Amino acid sequence: MIRPIDAYYERQEEPAKSCMLFLRMHIAAMHPEITEEWKYGMPFFYLQGKMFCYLWIHKKYRQPYIGIVDGAKVDHPDLLHEKRARMKILLIDPQKEIPVHTINQLLRTLIGDK
């Protein structure tokens with residue numbers, strides 16, 4: 001039986017699906033204490049047992065994004081705050097090259113705070 005988290009990724013349409021699968025593997029590899037869990041009906045990543053980030057598709061832009069749980073603590077021009085109090089998001093255009101350097105920079109900053 002397929003896990004809900006795996007089913008979520010499988011039902012995404014290309015090119016978002018490939019982009020999200022890459023992000024899934026990349027985020028998990030950023031730190032040995034990052035774990036992936038199915039929480040609130042979406043794929044969440046935890047660092048040392050605390051919510052760290054998640055992957056989702058933006059309803060308006062129809063693009064994958066990384067939701068940064070403590071995004072309010074990070075000042076970066078590529079992060080969108082929108083109407084979220086605590087979180088910010090990094091939109092990823094699946095039609096373009098994934099901004100790995102930016103992702104690494106943001107996640108390393110957050111990992112350093114843990």
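The values are calculated or read from the model by the stated rules, or taken from the named source; none is laboratory data. Note that the structure is a prediction, hence the values are computed from the model and not measured. Using ideal geometry, Cβ is built from the backbone for each residue, glycine included, and neighbour counts are taken over all protein chains shown.
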Subset tally (residues that are acidic (Asp, Glu) and modelled with pLDDT of 95 or more) for the range 49-96:
1
Could you please find all residues in the range 26-81 being under 11 Å from the mean Cα position of the chain (by Cα), surrounded by fewer than 16 Cβ atoms within 10 Å (Cβ to Cβ) and under 16 Å from Pro99 (Cβ atoms)?
His26
Quick check on this structure: which one of His58, His76 is within 27 Å of Ile2 (Cβ to Cβ) and either touching a strand residue (DSSP E or B) at 6+ places or on another chain (Cβ under 8 Å) or not small (Gly, Ala, Ser) (or both)?
His58
Pairs only if they're at least six apart or on different chains, beta carbon under 8 angstrom, first in the range 21-39 and touching a residue at least 12 places away in the same chain (Cβ under 8 Å), second part of a loop (DSSP other than H, G, I, E, B) and surrounded by 13 or more Cβ atoms within 10 Å (Cβ to Cβ); list them, first residue then second.
Phe22/Ile98; Leu23/Ile92; Leu23/Ile98
Tally the residues that are more than 21 Å from Leu110 (Cα to Cα) and not small (Gly, Ala, Ser), restricting the search to the range 1-37.
17
